Amino acid sequence: MRKFIIIGLCLSLIGCAETSSLNTKPFTDPQYGMTKAQMIALLGKPESIQIYKKTDETRVEFYIYARQYQSSQEKVPICLINNKIVGWGKTYYEDHIDQDDIRIK
């Protein structure tokens, strides 16, 4: 009986362990004007990338990162135009994507 209790306690401790990827870095707010290389050095590889072509031919890139909270996570899009950060956040994303924009990726 004692062995079962010890095994149960060990398994419950293993279940509480945090599993995170070695390539994932904690989310830190970027700075305006950072280059793509600086952003990736600061935050690591993004979860996904969305690229749009605006009606004025401007190429807008959104790099999507996850910001971890204690029991949840939030997706944070970071916008780059001409290889420079111009803004980030869900509201920024929603305000800068129009129906007329063409999604490239």
### Top-ranked residue of the stretch 23-61 - restricted to ones that are of a type in the set (A, V, I, L, M, F, W, C) and under 10 Å from the mean Cα position of the chain (by Cα), ranked as surrounded by the most Cβ atoms within 10 Å (Cβ to Cβ)
43
### Task
Please tell me if residue 67 is basic (Lys, Arg) and either at pLDDT below 85 or open to solvent by less than 50 Å² (accessible area, probe 1.4 Å) (or both).
yes
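For (1) under 23 Å from residue 103 (Cα atoms); (2) touching a helix residue (DSSP H, G or I) at 6+ places or on another chain (Cβ under 6 Å); (3) of a type in the set (A, V, I, L, M); (4) at pLDDT 95 or above, each residue gets a yes or a no:
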residue: 13; (1), (2), (3), (4): no, no, yes, no
residue: 16; (1), (2), (3), (4): no, no, no, no
residue: 19; (1), (2), (3), (4): no, no, no, no
residue: 22; (1), (2), (3), (4): no, no, yes, no
residue: 26; (1), (2), (3), (4): no, no, no, no
residue: 29; (1), (2), (3), (4): no, no, no, no
residue: 35; (1), (2), (3), (4): yes, no, no, yes
residue: 40; (1), (2), (3), (4): yes, no, yes, no
residue: 49; (1), (2), (3), (4): yes, no, yes, yes
### Task
Evaluate the following for residue 63: is it under 16 Å from residue 42 (Cβ atoms) and of a type in the set (Ser, Thr, Tyr)?
yes
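The values are calculated or read from the model by the stated rules, or taken from the named source; none is laboratory data. All figures in this text were calculated on a predicted structure; none of them were measured in a lab. Cβ atoms come from the backbone with ideal geometry, glycine included; neighbour counts cover every protein chain shown. Each accessible area value is taken on the protein alone, full model and side chains, heavy atoms only, with ligands, DNA and RNA left out. Shrake-Rupley method; radii C 1.70, N 1.55, O 1.52, S 1.80 Å.
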